[in-house]
1. Name the one entry in VAL82, VAL100 that is within 28 Å of PRO210 (Cβ to Cβ) and part of a helix (DSSP H, G or I).
2. Only one of ARG103, ARG59, ARG98 is farther than 30 Å from ALA181 by Cβ, out of contact with any His (no Cβ under 6 Å at 6 or more places or on another chain) and surrounded by fewer than 18 Cβ atoms within 10 Å (Cβ to Cβ); which?
3. Take region 50-76 and flag every residue that is free of Cβ contacts under 8 Å to residues at least 40 places away in the same chain and of a type outside the set (Asp, Glu).
4. If the Cβ limit is 8 Å and pairs must be 6+ apart or interchain, which residue in region 30-49 that is closer than 12 Å to ALA266 by Cβ and modelled with pLDDT under 90 pairs with which residue that is assigned to a loop (DSSP other than H, G, I, E, B) and of a type outside the set (Gly, Ala, Ser)?
5. Restricting attention to region 218-264, report how many residues are without any contact (Cβ under 8 Å) to a residue 60 or more places away in the chain, farther than 21 Å from LEU38 by Cα and over 12 Å from the mean Cα position of the chain (by Cα).
6. Restricting attention to region 132-167, and to residues there that are free of Cβ contacts under 8 Å to residues at least 40 places away in the same chain, in a helix (DSSP H, G or I) and of a type in the set (Gly, Ala, Ser), which single residue is farthest from PHE228 (Cα to Cα)?
7. Here are the criteria: (1) without any contact (Cβ under 8 Å) to a residue 60 or more places away in the chain; (2) among the hydrophobic types (A, V, I, L, M, F, W, C); (3) in contact with a Ser or Thr (Cβ under 9 Å, 6 or more places away or on another chain). Tell me which single one LEU170 does not satisfy.
Amino acid sequence: MAARRDQFTRGWWFILPGLILMAAVVGTPLAMGLRYSLHDVFLYAFNNQRYVGLDNYRRAFADPLYLNALRLTAIFTLGCLVLSVGLGILIAFLLNARQVRLRPMWMALFLIPFVMTPVVGGIAWKFFIWQQESGVINSISSFFGGPMPYWLLDRETALMATIITNSWHLIPLAVLVFYAALTTIPDELHEAGRIDGAGPFQALWYIVLPMLRPHILFVSIIVITSAFREFDMIWALTGGGPGRATTVLSIFAYNRGIANQDMGMANTIAFTMFLIMAVAAWIYITLYRKTVGDKA
């Protein structure tokens, strides 16, 4: 009995240092954020803390600005998810085609946005892509006689522009995962599809996508968690403007904590973001286990 117990617990001794380090690195800021969210804490008066319980949370959910930031965050996250996963699958599928030449070069080019820091990518898109007078988008539009809007200064287009830019940063991750998954699909399945008369997009829909379900779930949770907490890219593009058109939760928390010096409310917003992501992770784990179980 003791030998069996030692065999079961031996592995835990090897991962215990990593677990302790992770608990310290992740758990300490999380506990501090929870504590501050239950207090009135101001940026330059940390010693004058007053316990208010859940009052900060009640104030947050009664604040139209918080609800608007939550809505914008949901739209931003969903937009990044659809673009990143959809284009990631399509690009990976095309790269996996037999007719593609210089595949390593194309893969390297597609991975460049992923290794670029979000701030640098945001600044590059702001001045070279979305710029009103000399940006790439408006230059192409004016060449064909189209309008030249102020993409980042118009409330109607600013959020869409940030979604496209952030998706450009996330698509390479999706391409890398989906391309690796596509290489594991047996050639016999593609050959059977061709014999049955399936074209490229029919093969994508009926053969590739069912095989990619676990990988789609994996990429989806990575994209969701990244887009939901995105700050750097949006701040470099618009700073949360124009008005509050791109003020997502991360920027709203920053404004409350730095501009308004209300660190209690800022931590409340940040902790609600953690709770939302915890629920999303739980849903993902449940769906992933079901998907893998059905596939097995």
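1. VAL82
2. Answer to the selection: ARG59.
3. Across region 50-76, the qualifying residues are ARG50, TYR51, GLY53, LEU54, ARG58, PHE61, ALA62, PRO64, LEU67, ARG71, ALA74.
4. Pairs that qualify, where the first residue is closer than 12 Å to ALA266 by Cβ and modelled with pLDDT under 90 and the partner is assigned to a loop (DSSP other than H, G, I, E, B) and of a type outside the set (Gly, Ala, Ser), are PHE42/GLN261; LEU43/GLN261.
5. Qualifying residue count, region 218-264: 2.
6. Here the residue is SER142.
7. (1) is the only condition that LEU170 fails.
Table: residues versus (1) within 23 Å of ILE221 (Cβ to Cβ); (2) among the aromatic types (Phe, Trp, Tyr); (3) more than 29 Å from the chain's Cα centre (by Cα).
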position: LEU19; (1), (2), (3): yes, no, no
position: VAL26; (1), (2), (3): yes, no, no
position: LEU30; (1), (2), (3): yes, no, no
position: ASP40; (1), (2), (3): no, no, yes
position: TYR57; (1), (2), (3): no, yes, no
position: PHE61; (1), (2), (3): no, yes, no
position: ASN68; (1), (2), (3): no, no, no
position: TRP106; (1), (2), (3): no, yes, no
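The values are calculated or read from the model by the stated rules, or taken from the named source; none is laboratory data. Source: prediction; values computed, not measured. Glycine gets a Cβ as well: all are built from the backbone with ideal geometry, and neighbour counts include every protein chain shown.
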